[in-house]
Amino acid sequence: MNFSSIEHHAYGRYCYALDTDTMNLGIKTGSDITEVWIVWGDPFDRDWRTQDAPWNSVRQQVSDCRRLPGSLWWNIKVSPPYKRLKYYFELHCGQEVWMLYEDGFYTPRQAQNLYYPMMFIFAWMNPADISTVPQWARNTVWYQIFPSRFSRGTNPACTEEVLPWADETVAVTNGDRYGGNLRGIIDRLPYLHDLGINGLYLNPVNKSSSQHKYNTEDYLTIDPQFGTNADMAELVQKAHSLGMKVMVDGVFNHCGWEHFAWQDVLANRENSRYRDWFMVNDFDFEEPGQNSRKSKFYTFSFVDNMPKLNTNNPQVRDYICGICLQWIREYDIDAIRLDVANEISHEFCRQLRREVLKEKSDLFICGEIWNDATPFLQGDQFDSVINYPLRSSIMNFAMDKSSGTTWLEEQVNQCLTTYCMQNTQVLVNQMDSHDVARIRFRAGDRNLARQMVALMFMMPGSPCLYYGTEILMDGDNDPDCRRCMPWKKIDSGLYMEELEFFRNLIAFRLENEGPINGTTDFVHEKDGTMENRLVRFRKSDGKKSFMCIFNFSGQDAEVSSGEFKELLFSHGVSKASGGWIVAPCGFGIFSEGSC
């Protein structure tokens, strides 16, 4: 038995309360383990009047086993009747059997002779400690809007000259002003509602000198290029009337050069009352240039005109929390996405959660974190993060024709077991955004792009479309991924086929939140293998289930009609004698029959 590959803790993703009645337990092992059992019960459930009285426990097989890269993940749910849990694992490696306690491994004979076995303990299922997320986020399909390039409506507040609105073939620079604004978004809400969108995610809309607005000058004023505070309130109100939640971008890791506190630092240097609002190492610095590379002061990346806010400072934390509370009160927003969230202090994140939830108890907090975000998803900070690891898994598999289906299974299972289940079910999943090349550009093929987005939609979490993905807009990395939305072509009916596909995909996701956010079980052949690059997985919530088949093989794949009852949703699937043919880059979602 490979002992070094086995890992379990009585906390974190390995042991946590799903709700007030249910505990979820997971253990990671090497691929040599053939069986896992758990022995569990209440820590005090024995006759204490008798020294050798047995502990009352249940021995239960852990049958849910998933492949991870180089290891296995075993998972089980138990319901401790008295809200306390004591347990140990029984691990089988063929005929070899070992017991795993908190203090190490024991043979069955050694375990029998222990005077005081150090079993794992979860002391009490306190409701206040259970990670809870807004339930509405489980069944939300987000639509991300980059305001300056989405749609231009009448904006009396803006007097600046703008370029003629371009279509999606025109390359753009970050400085190009096309005049997209909040009124344009309001005008297009019926379009989004017809598409099925029920969540708007807006890139920054506050006053800033740039087109992207990530260098904030004034957090409490809507940028005049976009409109007014009243326009923002109207946008949220009209979105709500159509059943849409609204998430705004909170850029609190850094601010812009023009921000009042930074301007005071520039004027008064070390004598500024705001000197500790920032991370300045040497007050002898010039105008924007190479100061951050010389460590004069810290910034976002090495961008001098985005000085880093010191969220370790209680005054800064209070200031930012006040901003968010004002957004809730003035606009009635439903969610905040925190930019560069892994660089802000955990203490700020905890304070923010406490304060905004007092104001709006079901506010949704999502962080921009590209890697493992476990420290932020412990129930006291964020509900969710942008799920970049899932995007990477799907894209790497789709683009690397040499990778087999088992590789995708392992990568997806890694994504699905990194966090507590309640957080996984509200992760914001997207295949492209304002920060990365568009999925159409990466795929190089419209059908492959469609297939990757559809696969993402079938995974637990809240799917998010970047504006224009629904018509498969093209574009390389920033700024090319920020082109103008081609409304003339859309209104003329040029993209009817693409829009119908995404309308149906969104409807299917919203109608099947339960099984999609339930289990994801990759299906193997009887010999334990999977056909190379023909991906099969079952979705189930215990009440309803269906089979998903995605064909990445590059050739037609035949599916027997005896396996399934009916075809629920598909692209590139045709009826054939005795079954269906799934074309390359095609997929089908089937209700299950005798399979």
Discussion item. Please count how many residues of the stretch 236-286 are touching a residue at least 60 places away in the same chain (Cβ under 8 Å) and closer than 26 Å to residue 210 by Cβ.
Written reply: 10
Worksheet item: So which of 250, 196 is within 18 Å of residue 335 (Cα to Cα), under 23 Å from the mean Cα position of the chain (by Cα) and small (Gly, Ala, Ser)?
Response: 250
Item to complete: State whether one or more residues within the stretch 311-322 are of a type in the set (Lys, Arg) and over 23 Å from the mean Cα position of the chain (by Cα).
Response: yes
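On the given criteria, is residue 268 among the polar types (S, T, N, Q) and more than 27 Å from the chain's Cα centre (by Cα)? Show your work before the answer.
Details: among the polar types (S, T, N, Q): yes; more than 27 Å from the chain's Cα centre (by Cα): yes.
Yes, satisfied.
Would you confirm, using the coordinates I've provided, whether residue 177 is in contact (Cβ under 8 Å) with a residue 24 or more places away in the chain, basic (Lys, Arg), open to solvent by 10 Å² or more (accessible area, probe 1.4 Å) and farther than 30 Å from residue 506 by Cβ?
yes
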Worksheet item: In the stretch 305-326, how many residues are open to solvent by 10 Å² or more (accessible area, probe 1.4 Å) and either closer than 27 Å to residue 429 by Cα or out of contact with any helix residue (DSSP H, G or I) (no Cβ under 9 Å at 6 or more places or on another chain) (or both)?
Response: 4
Item to complete: Would you check which residues across the stretch 29-42 are of a type outside the set (A, V, I, L, M, F, W, C) and crowded, with 18+ Cβ neighbours inside 10 Å and list them?
Response: 29, 41
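Mind counting the residues in the stretch 1-15 that are open to solvent by 50 Å² or more (accessible area, probe 1.4 Å), part of a loop (DSSP other than H, G, I, E, B) and within 27 Å of residue 424 (Cβ to Cβ)?
Kept after step one, since they are open to solvent by 50 Å² or more (accessible area, probe 1.4 Å), are these residues of the stretch 1-15: 2-4, 7, 9, 11, 13.
Among the residues that remain, those that are also part of a loop (DSSP other than H, G, I, E, B) are: 2, 9, 11.
With within 27 Å of residue 424 (Cβ to Cβ) added as a condition, the list becomes 9, 11.
Looking only at that region, the number is 2.
Tell me, yes or no, whether the stretch 203-224 has at least one residue that is part of a helix (DSSP H, G or I), in contact with a Lys or Arg (Cβ under 8 Å, 6 or more places away or on another chain) and open to solvent by 10 Å² or more (accessible area, probe 1.4 Å).
So in the stretch 203-224, the residues part of a helix (DSSP H, G or I) come out as none.
No, because not a single residue in the stretch 203-224 is part of a helix (DSSP H, G or I), in contact with a Lys or Arg (Cβ under 8 Å, 6 or more places away or on another chain) and open to solvent by 10 Å² or more (accessible area, probe 1.4 Å).
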Response to the item:
residue 329 meets each of (1) basic (Lys, Arg); (2) surrounded by 13 or more Cβ atoms within 10 Å (Cβ to Cβ); (3) in contact (Cβ under 8 Å) with a residue 12 or more places away in the chain with one exception, condition (2)
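In the set 497, 531, which member is modelled with pLDDT of 95 or more and either more than 25 Å from the chain's Cα centre (by Cα) or open to solvent by 40 Å² or more (accessible area, probe 1.4 Å) (or both)? Show your work before the answer.
Working: 531 fails: modelled with pLDDT of 95 or more.
So the residue among 497, 531 that is modelled with pLDDT of 95 or more and either more than 25 Å from the chain's Cα centre (by Cα) or open to solvent by 40 Å² or more (accessible area, probe 1.4 Å) (or both) is 497.
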Fill in: Long-range neighbours under 7 Å by Cβ, at least six apart or interchain, first residue farther than 12 Å from residue 424 by Cα and free of Cβ contacts under 8 Å to residues at least 60 places away in the same chain within the stretch 367-379, second in a loop (DSSP other than H, G, I, E, B) and open to solvent by less than 20 Å² (accessible area, probe 1.4 Å)
367/373; 367/382; 368/339; 368/340; 376/369; 376/382
Worksheet entry | Among (1) out of contact with any Asp or Glu (no Cβ under 9 Å at 6 or more places or on another chain); (2) under 29 Å from residue 190 (Cα atoms) - the single one residue 265 does not satisfy | (2)
Worksheet item: Restricting the stretch 154-174 to residues that are among the aliphatic types (A, V, I, L, M) and within 21 Å of residue 435 (Cα to Cα), which is surrounded by the fewest Cβ atoms within 10 Å (Cβ to Cβ)?
Response: 171
Discussion item. Checking residue 128 against (1) open to solvent by 80 Å² or more (accessible area, probe 1.4 Å); (2) in contact (Cβ under 8 Å) with a residue 40 or more places away in the chain: exactly one of these is not met. Which one?
Written reply: (2)
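Consider residue 186 carefully, then state whether it is closer than 27 Å to residue 252 by Cβ, surrounded by fewer than 21 Cβ atoms within 10 Å (Cβ to Cβ), at pLDDT 95 or above and among the β-branched types (Val, Ile, Thr).
Values: closer than 27 Å to residue 252 by Cβ: yes; surrounded by fewer than 21 Cβ atoms within 10 Å (Cβ to Cβ): yes; at pLDDT 95 or above: yes; among the β-branched types (Val, Ile, Thr): yes.
Taking the combined requirement at face value, the residue satisfies it.
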Response to the item:
Given (1) at pLDDT below 95; (2) assigned to a helix (DSSP H, G or I), residue 488 misses just (1)
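Evaluate the following for residue 288: is it over 30 Å from residue 137 (Cβ atoms) and surrounded by fewer than 16 Cβ atoms within 10 Å (Cβ to Cβ)? Even if it seems obvious, please write down each step before you answer.
Details: over 30 Å from residue 137 (Cβ atoms): yes; surrounded by fewer than 16 Cβ atoms within 10 Å (Cβ to Cβ): yes.
Yes.
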Item to complete: Test each condition in (1) under 21 Å from residue 37 (Cα atoms); (2) modelled with pLDDT of 95 or more; (3) in a helix (DSSP H, G or I) for residue 109 and report the one that comes out false.
Response: (2)
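So for the stretch 464-476 (the condition being under 26 Å from residue 179 (Cβ atoms), in a loop (DSSP other than H, G, I, E, B), open to solvent by less than 10 Å² (accessible area, probe 1.4 Å) and touching a strand residue (DSSP E or B) at 6+ places or on another chain (Cβ under 6 Å)), does at least one residue qualify? Talk me through it step by step, then tell me what you get.
Our first condition is that a residue be under 26 Å from residue 179 (Cβ atoms); within the stretch 464-476, this holds for 464-476.
Then keep just the ones that are in a loop (DSSP other than H, G, I, E, B); that gives 467-468, 472-476.
Imposing the further condition that a residue be open to solvent by less than 10 Å² (accessible area, probe 1.4 Å) reduces the set to 467-468, 472-473, 475.
Restricting the remaining residues to those that are touching a strand residue (DSSP E or B) at 6+ places or on another chain (Cβ under 6 Å) gives 467.
Looking for residues that are under 26 Å from residue 179 (Cβ atoms), in a loop (DSSP other than H, G, I, E, B), open to solvent by less than 10 Å² (accessible area, probe 1.4 Å) and touching a strand residue (DSSP E or B) at 6+ places or on another chain (Cβ under 6 Å), one finds at least one in the stretch 464-476, hence yes.
Show me the helices (runs of 4 or more DSSP H) entirely contained within the stretch 327-439 in which 2 or more residues are touching a helix residue (DSSP H, G or I) at 6+ places or on another chain (Cβ under 7 Å), modelled with pLDDT of 95 or more and of a type in the set (A, V, I, L, M, F, W, C). Explain how you work it out, then say what you get.
Values: elements: 346-359, 388-399, 405-416, 421-424.
The helices (runs of 4 or more DSSP H) meeting that bar are 346-359, 388-399, 405-416.
The values are calculated or read from the model by the stated rules, or taken from the named source; none is laboratory data. In this text, all values refer to a predicted model and were calculated from it rather than measured experimentally. Reconstructed Cβ throughout: ideal geometry from the backbone, glycine too, with neighbour counts over all protein chains shown. For accessibility, only protein heavy atoms count, side chains too; no ligands or nucleic acids. Shrake-Rupley method; radii C 1.70, N 1.55, O 1.52, S 1.80 Å.
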